[in-house]
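The values are calculated or read from the model by the stated rules, or taken from the named source; none is laboratory data. Remember, it's a predicted structure, so these values are computed and weren't measured experimentally. Glycine also receives a Cβ, built like all others from the backbone with ideal geometry; neighbour counts cover every protein chain displayed. Keep in mind that these areas ignore ligands, DNA and RNA; they rest on the heavy atoms of the full protein, side chains included. Shrake-Rupley method; radii C 1.70, N 1.55, O 1.52, S 1.80 Å.
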Amino acid sequence: MSGVLQDLRYAVRSLRKSPGFTAVAIATLALGIGANTAIFAVVHSILLRPLPYFEPERLVRFDLEVSGFANGGLSPQDFEAWPRRDGAFQAFAGYSTLASGVTLTGRGEAELLRTTYVTGAFFETLGVSAEIGRVFRTGEDRPGTDRVVVLSHSLWEQRFGADPVALGAPAVLNDQPFTVIGVMPAGFRDPAGGADAWVLQSVVPETSIPRQVAWLHGIARLAPGLSLRDARARAQVAALQLLRESRPAEARASGLLLEPLREFLVAGSRRALFVLLGAVGLVFLIACSNVASLTLARNTAREKEFALRTALGAGRSRVVRQILTESLLLALLGGAAGCLLAVWSDGLARALAHTELPRADEIGADAAVLAFGAAATAASALLFGLLPALHTTRRGIAGLLREGAAGSGSPYARKFRLGLVVAQIALAIVLLAAAGLLVRSLAGLRRLRPGLDPERLLTVRLTIPASRYPERNQYLALQDEILDRLARLPGVRSVGAIKSLPIRGSQEQVAFRLPERPAAPRDESFADLCPVTPGYLSTVGMTLLAGRLLDSRDDARTEPVTVASRAAARAFWPDEDPVGHAIEVAGAPVRVVGVVENERGGAIRQTRPAFYFPQAQASRRVFSILLRTAGEAQNAAAAARAAIREADPTLAIAEIAPLERVLEETLGQPRLLAGLLLAFGAVALGLATVGVFGLLSYAVTSRRRELAIRAAVGARASDLLRSVFGESVRCVLPGVALGTLGALASTRALRGLLFEVPATDPVTIAAASLCLALAAFLATLLPARRATRIDPMDALRRE
């Protein structure tokens, strides 16, 4: 122990004598370890940490699959009729956010709450309880039972003043009195995401969503001791039986979709998170190789010191231990700074990933994250400390003592440093290529027209409570009044409305048949159902390809009509004009009167067949209004809000924003991933450039005598420049070659994250290689300039 303490004291003094080396090494390690720990905190919180429910490994999500589509899941009647004798589930429940949210009134300004509609056994299935009060009970969701609501902790604090007396107090939701029965713990999130309130699905009026409509998703707790495979087999039999009994028209049903709840929640983010983890792993390796190169250069300059210590009786293991002690001290300082950086970045990570990744609000540093940081610190000490220590102690004592103070070190050490820089260049090219592919993919998404003209379009999202306007004529009268008021606003050119914007990816699907084609009686096709007002298609600037658009003539008294998207026309009438043909929806014929350009959905990546139905004929309520303005869309927001308040001051406006901003929000995850990888690529580029600069600077210093002699015997400045640039080429060319091969092999992992850009795009990989080569060239200039300014007499005099 006394020897260890002596080594530690000596390491502290040694590092204090080299403040430049110490600062650069600690900063580089802090960057590498901090980035890895921060990204691991994200991955651990989202992918590895257990869900915050009781025995979460037994929770599964399930849906009925109909004709190849997860057609909304299950209906309330399905949950009532689900056979209990299958033995697959200990408990099961349904939940959904598809119905319109509820409006809270009577407590300040009306607010549209994010609402999850659930069956009575929902919280029991999850195995969670309320912090205050109670949750719903099994069977409490039968029609005719009391209207009760469970509040989130944040809503209880913000709108109820965190008052325990709120339990049992009335809360006016959609103009109906509800009784508050419980408040969930702070930070609780259900599988549907963040919710302000939970209400029973039975409160949704039959006139709004009939009880036979499949709009709920299933969540279940597996029976004790039952594996997922056995549960899937048992539940499949029960699902097919249920479909035969309750949906005889859907004979093509394939049964049940069942997967672990965790897999469902993180499926869309798993690949992106692993890509980020791999990227920071490369940054970590580059940082360690950079510090290893610096350490080896420093150890080479101290070879005479180590030789003297060996001559005085220190064994090789003793010298290696001393060098490792210094490396470990550096790693501890860098690791501590890196962990502090990771903890500090927790809030930033939650803010960046809040709307892009599931469970983002759970991101934080815990014992597992700190243990990972400690492991990364220990690994870095070995990576940049052990090999340089072994290389430093390879040379014989006599040779080292015979050399001058400015010895250049062993050829093996120089080759080892060269190899480290080659590795840095190769890894940096892989990162730059991956970042370039994602940036090009994001640029392609931004250039992609969503099928409409988003410029100067203002979107307003609201809900008109069915409780206050139960009759269809009442709702339509208010809708028409709102649209009319908005259309009369100064600077507003036209107004239209749709049930839900396709780019939000929550379109309702409609099953239909093509009566003109011979097919099985139950052979149905599916497409997106888009109920719109007459002015929607023209307001959003939809391109008319054939026929006509919908207009005010298409109401409940006229022939049912629809406008098909180009994708629907190609899918169902590939060799003919669809205008004039009919589709059969719920047994009623609907004539196609026009074809328009595709309106992209799902973060504008998807183009699915769609039919636009007149809202007056589709019996649906519209929730998204769009205004085409003469000037900037944002300038009309205040006037639009006031116009809606004049029509009904109790209506809650969920969103009012330019459509261009909404489009940008749909690109949140691609933008986040591209931005992070670009930042990591820039760090890798900087570290690799520093590595090249350090290698050449050290090479010029160690070859000072050689260069001086060459200059003294007549070598020109161009000869010396050629010599230094030749050293640069010897590390850059192999690095570029290896990096190009590595990029071609590793960027295949990005498939599924790219849009219209091949994973092995040669242009992007070539650009990354060229960027690195250019940075290496710039890093070579200063050492090369120093080589041409060596004074032969001064250099020889120093020797």
Worksheet item: Among 337, 349, which is the only one that is under 30 Å from residue 42 (Cβ atoms), assigned to a helix (DSSP H, G or I) and either at pLDDT 75 or above or open to solvent by less than 20 Å² (accessible area, probe 1.4 Å) (or both)?
Response: 337
Discussion item. Looking at 618, 556, 519 in this structure, which one is open to solvent by 20 Å² or more (accessible area, probe 1.4 Å), modelled with pLDDT under 85 and within 30 Å of residue 103 (Cα to Cα)?
Written reply: 556
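Quick grid of which residues meet (1) acidic (Asp, Glu); (2) more than 30 Å from residue 270 (Cβ to Cβ):
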| site | (1), (2) |
| --- | --- |
| 607 | no, no |
| 644 | no, yes |
| 655 | yes, no |
| 664 | yes, no |
| 672 | no, no |
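Condition (residue is assigned to a helix (DSSP H, G or I) and of a type outside the set (D, E, K, R)) applied to segment 125-144: is it met by at least one residue?
Residues of segment 125-144 that are assigned to a helix (DSSP H, G or I), as a first pass: 125-126.
Checking which are of a type outside the set (D, E, K, R) leaves us with 125-126.
Checked segment 125-144: at least one residue is assigned to a helix (DSSP H, G or I) and of a type outside the set (D, E, K, R).
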Worksheet item: For segment 153-160, does any single residue satisfy the condition of being open to solvent by 50 Å² or more (accessible area, probe 1.4 Å) and either part of a loop (DSSP other than H, G, I, E, B) or on the phi > 0 side of the Ramachandran plot (or both)?
Response: no
Item to complete: Would you confirm whether any residue within segment 130-152 is surrounded by 18 or more Cβ atoms within 10 Å (Cβ to Cβ), under 23 Å from residue 77 (Cβ atoms) and of a type in the set (S, T, N, Q)?
Response: no
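Considering only residues that are in contact with a Ser or Thr (Cβ under 8 Å, 6 or more places away or on another chain) and open to solvent by 10 Å² or more (accessible area, probe 1.4 Å), look in segment 662-684 and name the one that is farthest from residue 774 (Cα to Cα). Reasoning before the result, please.
Here is the first cut: in segment 662-684, the residues in contact with a Ser or Thr (Cβ under 8 Å, 6 or more places away or on another chain) are 662, 665, 668-670, 674.
Then drop every residue that is not open to solvent by 10 Å² or more (accessible area, probe 1.4 Å), which leaves 665, 669-670.
Working: 665: 35, 669: 31, 670: 28 Å.
Per the stated criteria, the residue is 665.
State all residues of segment 170-187 that are part of a loop (DSSP other than H, G, I, E, B), buried (at least 20 other Cβ atoms within 10 Å of the Cβ) and modelled with pLDDT under 90; if no residue qualifies, say none.
From segment 170-187, those part of a loop (DSSP other than H, G, I, E, B) are 174-175, 184-187; that's our starting set.
With the extra rule that they be buried (at least 20 other Cβ atoms within 10 Å of the Cβ), the set shrinks to 174, 184.
Listed by number, the list holds a single entry, 174.
Residue by residue, here is whether (1) part of a strand (DSSP E or B); (2) hydrophobic (A, V, I, L, M, F, W, C); (3) touching a Ser or Thr at 6+ places or on another chain (Cβ under 7 Å) holds:
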site	(1), (2), (3)
577	no, no, no
592	yes, yes, yes
612	yes, no, yes
617	no, no, no
621	no, no, no
644	no, yes, no
649	no, no, no
657	yes, yes, yes
660	no, no, no
Worksheet item: What residue, among those in segment 32-48 that are under 16 Å from the mean Cα position of the chain (by Cα) and within 17 Å of residue 677 (Cβ to Cβ), is surrounded by the most Cβ atoms within 10 Å (Cβ to Cβ)?
Response: 42
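Would you be able to say whether some residue in segment 104-111 is in a strand (DSSP E or B), hydrophobic (A, V, I, L, M, F, W, C) and crowded, with 24+ Cβ neighbours inside 10 Å? Full working, then the answer.
We begin by selecting, within segment 104-111, every residue in a strand (DSSP E or B); these are 104-105, 111.
Retained after the next criterion (residues that are hydrophobic (A, V, I, L, M, F, W, C)): 104.
Narrowing further to those that are crowded, with 24+ Cβ neighbours inside 10 Å: 104.
Yes, segment 104-111 contains a residue that is in a strand (DSSP E or B), hydrophobic (A, V, I, L, M, F, W, C) and crowded, with 24+ Cβ neighbours inside 10 Å.
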Practice prompt. State all residues of segment 417-459 that are under 25 Å from residue 666 (Cα atoms) and over 26 Å from the mean Cα position of the chain (by Cα); if no residue qualifies, say none.
Written response: 453, 455, 456, 457, 458
Discussion item. Given the criteria open to solvent by 30 Å² or more (accessible area, probe 1.4 Å) and either under 30 Å from residue 477 (Cα atoms) or under 34 Å from the mean Cα position of the chain (by Cα) (or both), does residue 574 qualify?
Written reply: no
Discussion item. The conditions are (1) in contact with a Lys or Arg (Cβ under 8 Å, 6 or more places away or on another chain); (2) open to solvent by 50 Å² or more (accessible area, probe 1.4 Å); (3) at pLDDT 90 or above, and residue 261 fails exactly one of them. Which is it?
Written reply: (2)
Response to the item:
Counting only residues that are touching a Leu at 6+ places or on another chain (Cβ under 7 Å), open to solvent by less than 30 Å² (accessible area, probe 1.4 Å) and at pLDDT below 70, segment 274-309 contains a total of 2
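Any idea how many residues of segment 488-504 are in a loop (DSSP other than H, G, I, E, B), at pLDDT below 90 and open to solvent by 50 Å² or more (accessible area, probe 1.4 Å)? Let's see the steps before the verdict.
Keep residues of segment 488-504 that are in a loop (DSSP other than H, G, I, E, B), which gives 488-491, 499-501.
After this cut, where a residue has to be at pLDDT below 90 as well, the list is 499-501.
Adding the requirement that they be open to solvent by 50 Å² or more (accessible area, probe 1.4 Å) leaves 499.
The number of residues fulfilling the criteria is 1.
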Item to complete: Mind listing just one residue for me: the one in segment 656-690 that is of a type outside the set (A, V, I, L, M) and modelled with pLDDT under 85 and, of those, farthest from the chain's Cα centre (by Cα)?
Response: 664
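Given 743, 767, 773, which one is within 17 Å of residue 677 (Cα to Cα), open to solvent by 20 Å² or more (accessible area, probe 1.4 Å) and out of contact with any strand residue (DSSP E or B) (no Cβ under 6 Å at 6 or more places or on another chain)? Reasoning before the result, please.
Numbers: 743 fails: open to solvent by 20 Å² or more (accessible area, probe 1.4 Å); 773 fails: within 17 Å of residue 677 (Cα to Cα).
Every option except 767 fails the conditions.
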Item to complete: From (1) buried (at least 18 other Cβ atoms within 10 Å of the Cβ); (2) over 18 Å from residue 427 (Cβ atoms), pick out the condition that doesn't hold for residue 762.
Response: (1)
Worksheet item: Restricted to segment 5-23, and to residues that are open to solvent by 70 Å² or more (accessible area, probe 1.4 Å) and aliphatic (A, V, I, L, M), which residue is farthest from residue 431 (Cα to Cα)?
Response: 5
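Does residue 795 satisfy the condition of being at pLDDT 85 or above and either more than 30 Å from residue 448 (Cβ to Cβ) or in contact with a Ser or Thr (Cβ under 9 Å, 6 or more places away or on another chain) (or both)? Talk me through it step by step, then tell me what you get.
Values: at pLDDT 85 or above: no; either more than 30 Å from residue 448 (Cβ to Cβ) or in contact with a Ser or Thr (Cβ under 9 Å, 6 or more places away or on another chain) (or both): yes.
Criteria not met by residue 795.
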